[in-house]
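Some notes on the structure that comes next.
The values are calculated or read from the model by the stated rules, or taken from the named source; none is laboratory data. As the structure is a prediction and not an experimental result, all values here were calculated from the model. Quick reminder, even Gly has a Cβ in these numbers, built from the backbone with ideal geometry, and neighbours come from all protein chains shown. Protein only, heavy atoms only, side chains kept; ligands, DNA and RNA dropped before computing areas. Shrake-Rupley method; radii C 1.70, N 1.55, O 1.52, S 1.80 Å.
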Amino acid sequence: MPGFDLQYVLISILVLTVSLSTHEYAHARMAMALGDDTAEKSGRLTLNPLAHLELLGTLAFLLLRIGWAKPVPVNPSKLEKAKDAEHGMMLVSIAGPLSNLLVAFIAAFLYNLTRVLGYFLLQRPNINVDTTVFVLNIFVTIFLAFYYSNVSLAIFNLIPLPPLDGSKILAFFLPSKASYYMYKYQRYISFAMILLFIFAGSYIAKFMSMVSKPFYYVLMRPWEILANVIIN
């Protein structure tokens, strides 16, 4: 099959299952911590990807590196440990993107650890250079895929438009009337957003790349500096 890259497909599936499952698990775990066991009773308090993935969001992730999973059910009235329902929903919503940034931070560390280990391994005598480089490149590709995909997932989900997490975070700071109208037209906003991704995907990708740059200096750059110091 021309253009078929098995390694890319397998790495994408790995990144997809871990990243989206972690995102949804973080929502469920935060809801549970605030007193709502709805997600747990629905079987969503798990890292099992089969409990979280849905078709359209999965395809979007594989094609665009930006996707979503089935929303975690949350009962705002049960978030008793938060100040109020809106505050609870804000905390539950922000937990997902924060979990992706944590995964990206860990992936950045592992990527640079691989760089350091690779440097010292290749200094050893009698080592099979081709095999070592091949294996190292696989790990580098995996960790970079985790890094970039999770940063993109975090940024995408922080967009303040329903049904994304950012809309629930924004709703906490908006007057109740403004929040009402935002959710009243949620269906139309969601449809417009899907059309935007279909017809303006390349422009959105450029925007996401630009927005992700500050995250690089926080999540990746410190590990790169440390790795370069060790290597040099």
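Placing unit charges on each Cβ (+1 for Lys and Arg, -1 for Asp and Glu) gives the chain a dipole about its Cα centre, and among Ile94, Phe109, Leu6 the Cα reaching farthest toward its positive end belongs to Ile94. Springs join every pair of Cα atoms under 10 Å in this Gaussian network model of the chain, and among Phe143, Phe156, Phe120 the largest mean-square fluctuation is at Phe120.
At 222 nm, what value in deg cm²/dmol follows for the chain if DSSP H runs of at least 4 each add -39500 (n - 2.57) and the sum is divided by all its residues, to the nearest 500? So the helix-based figure for the chain works out to -24000 deg cm²/dmol. If you take the Cα centroid of the stretch 180-212 and the Cα centroid of the stretch 45-122, the two points sit 19 Å apart.
Given Cβ point charges of +1 (Lys, Arg) and -1 (Asp, Glu) and nothing else, what value in debye, to the nearest 20, does the dipole of the chain about its Cα centre take?
Here the size comes out at about 360 debye.
Taking the 1.4 Å solvent-accessible surface of the stretch 86-131 as the whole, the part contributed by carbon and sulfur is 67%. The chain: D in µm²/s via Stokes-Einstein (Kirkwood Rh, Cα pairs, 20 °C, 1.002 mPa s)? For these conditions, the coefficient is 111 µm²/s.
If you roll a 1.4 Å probe over the heavy atoms of the protein chains, what accessible area per residue do you get for the chain, in Å²? Kindly include the intermediate steps, with their values, before the conclusion.
Working: 13430 Å² over 232 residues.
Heavy-atom accessible area per residue stands at 58 Å².
Hey, which lysines would be in cross-link range of Lys177, C-alpha to C-alpha under 22 Å, not counting anything within fewer than 8 residues on its own chain? Straight-distance partners of Lys177: Lys83, Lys168.
When ranked by the protection proxy of mean other Cβ atoms within 10 Å per residue, highest first, what sequence do the peptides 181-189, 28-36 form? Numbers along the way, then the final one.
Numbers: 181-189: 13.1, 28-36: 21.1.
Going by the mean number of other Cβ atoms within 10 Å, highest first, we get 28-36, 181-189.
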